[in-house]
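Novice: Got a structure for you, questions after.
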Amino acid sequence: MKLILLTFTCLLLGACSTSSKQPLVLKPVEESLTETTTHDNNMQQDELLFYLLRNSFSNWQGTPYRLGGNSKRGIDCSAFIKNVYAESFNIKLSRTTTEQVNEGYLVYRDQLKIGDLVFFKTGWNVRHVGIYMGNSEFIHASTSQGVMTSSLDNSYWTSKYWQARRILD
């Protein structure tokens with residue numbers, strides 16, 4: 001019986017051989033599983049973050065902008081961010097962009113992940129904040145159109161981009 005199994009295994013391995021002159025290098029099972037699991041977990045986490053943020057965004061979408069506002073009758077950008085984080089993640093953020101820009105840690109634009117805060121300098125002493133949603137899109141409370149989605153690739157936002165902060169890790 002052992003001889004039959006050994007013969008079958010040899011035939012099976014021979015049938016699966018490659019014609020490449022490069023030796024076949026296999027990673028240890030644990031390493032492969034860890035990489036796959038980490039990749040899958042990151043994808044699942046991104047999908048969950050996107051879903052939670054999108055759901056909260058839907059509740060606020062179209063709400064008009066009002067400086068100092070904190071309700072569906074009118075909201076400003078930092079209050080919108082504060083409320084979305086509270087609703088989506090039960091995380092309490094500061095109320096103003098001046099305080100929010102000091103929370104979490106700095107990330108480079110090319111390293112943005114879903115849920116990162118994106119900050120802009122829109123005037124001499126005026127700051128604006130949104131939440132990155134992936135694919136160069138972010139949600140925010142716009143002074144002209146209220147709660148909406150915009151693109152970081154838009155020439156206006158590209159020219160005003162300041163920094164990003166990661167709160168979720």
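Novice: If you rank F50, F89, F119 by how much accessible surface each has, with a 1.4 Å probe, what is the order from largest down?
Specialist: Sorted descending by solvent-accessible area, the residues read F50, F89, F119.
Novice: Shape of the range 79-169 from its Cα gyration tensor (a ≥ b ≥ c, root eigenvalues): rounded if a/c is under 1.5, otherwise prolate when a/b > b/c, or oblate? Mind dumping the intermediate values first?
Specialist: Numbers: a/c = 1.32, a/b = 1.21, b/c = 1.09.
Since a/c stays below 1.5, the shape of the range 79-169 is classed as rounded.
Novice: Taking only C-alpha pairs under 8 Å that are 6+ residues apart, what is the relative contact order of the range 88-147 in percent? Kindly include the intermediate steps, with their values, before the conclusion.
Specialist: On the way: 56 pairs, mean separation 13.3, N = 60.
It comes to 22 percent, rounded to a whole number.
Novice: Something else about it: Which translational diffusion coefficient, to the nearest whole µm²/s, is obtained for the range 45-113 from the Stokes-Einstein equation, given a Kirkwood hydrodynamic radius over C-alpha pairs, 25 °C and 0.890 mPa s?
Specialist: 189 µm²/s
Novice: In addition: So, by mean Cβ neighbours within 10 angstrom, what's the order for 93-105, 124-136 with the highest one leading?
Specialist: The most tightly packed comes first, giving 124-136, 93-105.
The values are calculated or read from the model by the stated rules, or taken from the named source; none is laboratory data. The structure presented is a predicted model; accordingly, all values stated were derived computationally and were not measured. Note: ideal-geometry Cβ built from the backbone for every residue, glycine included; neighbour counts use all protein chains shown. Surface areas here come from the heavy atoms of the whole protein model, side chains and all, with no ligands, DNA or RNA. Shrake-Rupley method; radii C 1.70, N 1.55, O 1.52, S 1.80 Å.
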